[in-house]
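Peer 1: Sharing a structure with you now.
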Amino acid sequence: MTNEELINKAKSIAITKQVAEETVVGEVGAALITDKGNVYTGVSIHAPSGLGFCGEASAIAAMVTNGENRIKTIVASDGQGNIYRPCGRCREMIRQINKQNMDAEIILKEKIVTLTDLLPFPY
Ligand SMILES: [Zn+2]
């Protein structure tokens, strides 16, 4: 799978839905490919009281559900194809799920970097 295809996968699942008065899902979709070549996706959940989480966290949950934790490449996008950088919490989650993920490629709108570039001083 090319990076363009991975971006399109993230974009295609980013479908915003208001599922409750204060809860919106799918504003951001994330797609990742593992070192084994498997692709996992997930969408954001924006809920009150800090209960929500990012699309990256959702994709990571799908990955670990399937027994994997080594990310080769990850990207997050909204439904219009705007690419987002992982937030600090997601950067740490990517690292803490497997320390080798410091080499994971993060697709940004400007270029592709590694997690080490985005997280030079981990927790
Ligand atoms: Zn995040």
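Peer 1: Which residue pairs have Cβ atoms closer than 7 Å, lie 6 or more positions apart in sequence or on different chains, and pair a first residue in segment 44-66 that is among the acidic types (D, E) with a second residue that is buried (at least 20 other Cβ atoms within 10 Å of the Cβ) and modelled with pLDDT of 95 or more?
Peer 2: Listed by first residue and then by second, the contacts come to E56/A30; E56/I74; E56/A76; E56/P86; E56/C90.
Peer 1: Taking segment 92-112 on its own, how many of its residues are loosely packed, with under 15 Cβ neighbours inside 10 Å and part of a strand (DSSP E or B)?
Peer 2: 1
Peer 1: Being among the polar types (S, T, N, Q) and touching a strand residue (DSSP E or B) at 6+ places or on another chain (Cβ under 8 Å) is the filter here; which residues of segment 1-50 pass it?
Peer 2: Across segment 1-50, the qualifying residues are N3, S12, T16, Q18, T23, T34, T41, S44.
Peer 1: Out of all the residues in segment 47-62, is one or more open to solvent by less than 20 Å² (accessible area, probe 1.4 Å), in a helix (DSSP H, G or I), at pLDDT 95 or above and touching a Pro at 6+ places or on another chain (Cβ under 7 Å)?
Peer 2: yes
Peer 1: For segment 82-91, give me each residue that is exposed (fewer than 13 other Cβ atoms within 10 Å of the Cβ) and more than 13 Å from the ligand (Cβ to nearest atom).
Peer 2: If the condition is that a residue be exposed (fewer than 13 other Cβ atoms within 10 Å of the Cβ) and more than 13 Å from the ligand (Cβ to nearest atom), then N82 is the only one that fits.
Peer 1: State whether the residues of segment 31-38 include one that is part of a strand (DSSP E or B), in contact with a Leu (Cβ under 9 Å, 6 or more places away or on another chain) and open to solvent by 50 Å² or more (accessible area, probe 1.4 Å).
Peer 2: no
Peer 1: Would you confirm whether any residue within segment 38-47 is more than 15 Å from the chain's Cα centre (by Cα) and not small (G, A, S)?
Peer 2: Within segment 38-47, not a single residue is more than 15 Å from the chain's Cα centre (by Cα) and not small (G, A, S).
The values are calculated or read from the model by the stated rules, or taken from the named source; none is laboratory data. In this text the structure is predicted, and so the values were computed from the model without any measurement. Every residue, glycine among them, receives a Cβ derived from its backbone with ideal geometry; neighbour counts consider all protein chains shown. Ligands, DNA and RNA are excluded from the accessible area calculation, which covers all protein heavy atoms including side chains. Shrake-Rupley method; radii C 1.70, N 1.55, O 1.52, S 1.80 Å.
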